[in-house]
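What follows is a short report on a single structure.
What follows draws every value from the coordinates through simple rules; no lab data is involved. Just so it is clear, the model here is predicted, and its values are computed rather than measured. Reconstructed Cβ throughout: ideal geometry from the backbone, glycine too, with neighbour counts over all protein chains shown.
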Amino acid sequence: MRAGRLGILLLLAIALGLGPAQANEPTQPAPAKALTIKAVLELFTSQGCSSCPRADALLKTYVDRPDVIALTMAVDIWDYLGWKDTLANPFNTRRQRDYARVGHSQVYTPQLVVNGMRHVVGSDAKAIEKAIAETNRELAASRVDLSIRAAGDKLILAIGKAQPGAPHMEATVWIASVERSVTVEIKRGENRGRSVTYYNVVRRLSPIGMWDGKAMTVKLASRDIMRTANERCIVLLQKGESGPILAAAELKP
């Protein structure tokens, strides 16, 4: 009778995963967390450039893609032609020139820089897709986990550590204040009489610190980043100041 009870209890224990067969099994390591990969597209565009509206319209198709962060970087290089770009930011112009200095050919519009590594004509969809695929592959071993979330009146930015075996590098942490959409009536210049809508317009782009390969957390006041209801926050982690972009994340309002 007692032996029968022990047999029943042993069978029950094994069925519940409590038996001795499991006691000596090695604990399996948790699978590595998959990194969220977002390609970064920076479109250097101008209201004074007749070739730009096609590129501006194409950028819209990337704005809501989950694997892409698309940015409008309005520049002032054609302001002397008769129309002062209403969205241009001198910093955007400097950033485009910095890219040119590190090997991204000449400065032109519409120029689209992919992941800080390749430049293509901003209206060439096939070239953009090719550059996204190529640079994502090249960056695979250097990607970094990056996230941003709201907590009350703060923004919490979390940057992971470098991947095992990745070369040591320092990267700039950029915070971008981006306006969802802006429509402009252009009254002079090459686009005179046209109404053009721009998407994810970079209003401010500021470096807030450096990452040295170790995990770090940064807290920011949200009111300093998103000043209007139409603005969102985007974070970039970029080698140096104009090198490959290792990670990107966005916080939508």
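Quick notes on this one:
- Axis angle, to the nearest 10 degrees, between helix 90-101 and the longest C-alpha principal axis of the chain: 80 degrees.
- A simple rule links phi to the HN-Hα coupling: the Karplus curve 6.51 cos²θ - 1.76 cosθ + 1.60 with θ = phi - 60°, which for region 231-241 gives 9, 10, 10, 10, 10, 10, 10, 10, 4, x, 10 Hz, with x for Gly and Pro.
- Hypothetical label at S50: residues of region 98-140 whose amide nitrogen lies under 11 Å (7 Å Cα-Cβ projection): none
- Cysteines in the chain that lack a partner Cβ within the 4.7 Å cut-off: C233.
- Region 49-119-region 208-238 distance, computed between alpha-carbon centres (Å): 22
- Of the beta bridges in region 39-251, as assigned by DSSP with both residues counted there, near 85 percent are antiparallel.
- Length gained on full extension, K161 to V107, computed as 0.36 nm times the residue gap minus the Cα-Cα distance: 16.0 nm.
- Principal-axis analysis of the Cα atoms of the chain puts helix 125-139 at an angle of about 50° to the longest axis.
- Entries of K130/K239; K38/K214; K130/K154; K126/K239; K60/K154; K219/K239 with Cα pairs more than 31 Å apart: K130/K154
- Degrees, to the nearest 10: 2-15 long Cα axis against longest axis of the chain: 10
- Here Rg/Rh (Cα atoms, Kirkwood Rh) was calculated from the structure, and among (1) 1.21; (2) 1.12; (3) 0.96 it sits at label (1).
- Lys, Arg +1 and Asp, Glu -1 on Cβ, resulting dipole of the chain about Cα centre, debye, nearest 20: 420
- With the helix formula -39500 (n - 2.57) applied to DSSP H stretches of n ≥ 4, the chain reaches a computed 222 nm mean residue ellipticity of -7000 deg cm²/dmol.
- Contact order for region 39-251, expressed relative to its length and based on alpha carbon pairs under 8 Å spaced 6+ residues apart, stands at 24 percent.
- Cβ crowding within 10 Å averaged over residues, with 43-52, 83-92 ranked highest first: 43-52, 83-92
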